[in-house]
Amino acid sequence: MSNIQAVTILLVEDDPGHARLIEKNLRRSNITNEIVVLDDGRRAIDYLFNTGEFAAADHHSPLLVLLDLNLPGPDGYQVLQRMKENEKTRRIPVVILTTTDDIHEVARCYDLGCNVYVTKPVDYVQFSEAIRRIGLFLSVVTVPDGE
């Protein structure tokens, strides 16, 4: 059985304010996992596939990805597609966390293989509450073991 404490959370968010707020509210939900924050799609792909600046990285713990869609470089859709097409990364749970609430975009993400789609509220208090709830969700979810 997987232990949530062993799961590394990969947060891919290009807005530094959103990234800080997400991490702060996850911590308020008693999430103590390592959180790796990356600010663009290229770095996320490099991290996931041990290429580029992460070529020598040795991260074996299971991952859970919180992914924004509107990223510089490859966007979140492209990152998600690369993950789900690859045997090494296709089982990594992906939570889309974005301001986009268009039903076609939601469907597209599920078609590409996302596990959960969450729309970021614009209001600060609602946004903070949504992240705390995600933290509660993450505290009970089981993810597949890393390789």
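None of the figures in this text is laboratory data; all of them are computed from the coordinates on show. Predicted, not measured: the structure shown is a model, and the values here were computed from it. No Cβ is skipped: glycine too gets one built from the backbone with ideal geometry, and neighbour counts run over all protein chains shown.
Taking every eigenvalue of the Cα gyration tensor of segment 42-82, multiplying by 5 and rooting it, what semi-axes result, largest first, whole Å?
After scaling each eigenvalue by five and taking roots: 19, 12, 7 Å.
So for the chain, Kirkwood radius off the Cα pairs, Stokes-Einstein at 20 °C and 1.002 mPa s: how many µm² s⁻¹? Show your work: numbers first, answer last.
Values: Rh = 15.3 Å.
It diffuses with D of about 140 µm²/s by this estimate.
If you stretched the chain out fully between residue 91 and residue 37, how much longer would it get, using 0.36 nm times the residue separation minus the C-alpha to C-alpha distance?
17.4 nm
Springs between alpha-carbon atoms under 10 Å, Gaussian network over the chain: tell me which of 36, 12, 95 tops the mean-square fluctuations.
Maximum fluctuation in the GNM of the chain, among the listed residues, is at 36.
How about residue 120: which lysines have a C-alpha closer than 21 Å to its C-alpha, ignoring those fewer than 8 places off in the same chain?
Within the straight-line limit of under 21 Å, residue 120 reaches these lysines: 24.
Work out the charge dipole of the chain with +1 on the Cβ of Lys and Arg and -1 on the Cβ of Asp and Glu about the Cα centre, then indicate which of 19, 135, 67 is farthest towards its positive end.
It is 135, whose Cα lies furthest towards the positive end.
Rounded to the nearest 20 Debye, what is the dipole magnitude of the chain about its Cα centre when Lys and Arg each give +1 and Asp and Glu each give -1 at the C-beta?
420 debye
Name the residue farthest towards the positive end of the dipole of the chain from the options 99, 56, 33, assuming +1 on Cβ of Lys and Arg, -1 on Cβ of Asp and Glu, about the Cα centre.
33
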